[in-house]
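This report concerns only the one structure given below.
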Amino acid sequence: MANSRDDFPQRVKELLGNRVGWRCSNPDCRKPTRGANDDPQRITNIGVASHICAAADGGPRYDPEMSPEERKSAENGIWLCQSCSKLVDDDVIRYNVGLLQVWKENAERLAIAELQSASPVSTDNTDIDRLRFFVQCFDRPAFQDQIDQEGRMEDFDQAIEDTIIAMNTGVLRTRDGMIIKKSEGKSTIINPVWREKLNTITDMLVALRKRLKIAKDEKLYSTYGKDDVMYCFHDRELKNWFDLTREEIIKILSSICQEAGIPSLHFPKQRYRW
Ligand SMILES: [Zn+2]
């Protein structure tokens, strides 16, 4: 049987590795893939020119619409270390074509930035570490549940306040006051677009707290049920505003993550709207 795999020619493999400085393109990894071998005449290579869309039918992310030429072209390849190469092929939902293309573009940009920079520390990676911290700050019920299922409003308000502090200072406190993670505040983000979006998110968090206070003062919601933990919003528009504003916050955060090529939060649970 003829070989039906559209493998990359050696020239394409070299090109893919060279374009990212022989580092793994996974932003979570960035491992160098080439170095000296004990044999002075040889190198050790743990890098792989991986297919974004599989080389053969039935493989990960296979695209039947592609021609064999497209399948074995550099456009369809990404340089990864061996373990990341396996990782992306084991979960094609999470590591989809779009995400791999973002990884590739960012790794190429980073390789150029490193050539141009005097310092080996890349600014992009610093941003990415901080973005990961911010994503963690939003991974809590205050950004996942409908407003009337939040439990006590005081706790919800506290969770929002803690998130604002985390965005500004890089310190995240749990509900019992314990510091669980430390980073830097959003003002240290170097990418101006991401910094602006994070400012917008923080403004929206502040607006959430302000409106919550007004709602409380004007008694726009009331408690019911055992232990006063169920809420009834008398103003549906206000209730929807709380839900939509938080949804919008997660959307903006997701758009930054997508641009940075890092995993984002799952969208909030499906909301019921009137
Ligand atoms: Zn890797």
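The values are calculated or read from the model by the stated rules, or taken from the named source; none is laboratory data. All values reported here derive from a predicted model rather than from experimental measurement. With ideal geometry, Cβ positions are generated from the backbone for all residues, glycine too; neighbour counts draw on all protein chains shown.
Matching residues to (1) part of a loop (DSSP other than H, G, I, E, B); (2) surrounded by 12 or more Cβ atoms within 10 Å (Cβ to Cβ):
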position	(1), (2)
Gln158	no, yes
Leu208	no, yes
Arg211	no, yes
Ile214	no, no
Lys219	yes, no
Ser222	no, no
Leu238	no, yes
Asp243	no, yes
Glu247	no, yes
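Conditions (1) surrounded by fewer than 20 Cβ atoms within 10 Å (Cβ to Cβ); (2) away from the ligand (no atom under 16 Å from the Cβ); (3) of a type in the set (Phe, Trp, Tyr), marked per residue:
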{"site": "Asp38", "(1), (2), (3)": "yes, yes, no"}
{"site": "Thr44", "(1), (2), (3)": "yes, no, no"}
{"site": "Gly47", "(1), (2), (3)": "no, no, no"}
{"site": "Ile52", "(1), (2), (3)": "no, no, no"}
{"site": "Asp57", "(1), (2), (3)": "yes, yes, no"}
{"site": "Pro68", "(1), (2), (3)": "yes, yes, no"}
{"site": "Glu75", "(1), (2), (3)": "yes, yes, no"}
{"site": "Ile78", "(1), (2), (3)": "no, no, no"}
{"site": "Lys86", "(1), (2), (3)": "yes, no, no"}
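Restricted to the range 88-100, and to residues there that are in contact with a strand residue (DSSP E or B) (Cβ under 8 Å, 6 or more places away or on another chain) and either modelled with pLDDT of 95 or more or surrounded by fewer than 16 Cβ atoms within 10 Å (Cβ to Cβ) (or both), the residue that is nearest to Thr126 (Cα to Cα) is Val88.
Got at least one residue in the range 132-147 being outside the structural domain of Tyr62 (by TED's automatic domain parsing) and either over 30 Å from Asp203 (Cα atoms) or of a type in the set (Val, Ile, Thr) (or both)? Yes, that holds for at least one residue. Of all the residues in the range 107-147, those that are modelled with pLDDT of 90 or more and over 21 Å from the mean Cα position of the chain (by Cα) number 0.
Close contacts from the range 14-33, counting a first residue that is without any contact (Cβ under 8 Å) to a residue 12 or more places away in the chain and a second that is part of a loop (DSSP other than H, G, I, E, B) and more than 10 Å from the ligand (Cβ to nearest atom), with Cβ to Cβ under 9 Å and a gap of 6+ residues or different chains, come to Pro32/Gly21; Pro32/Trp22.
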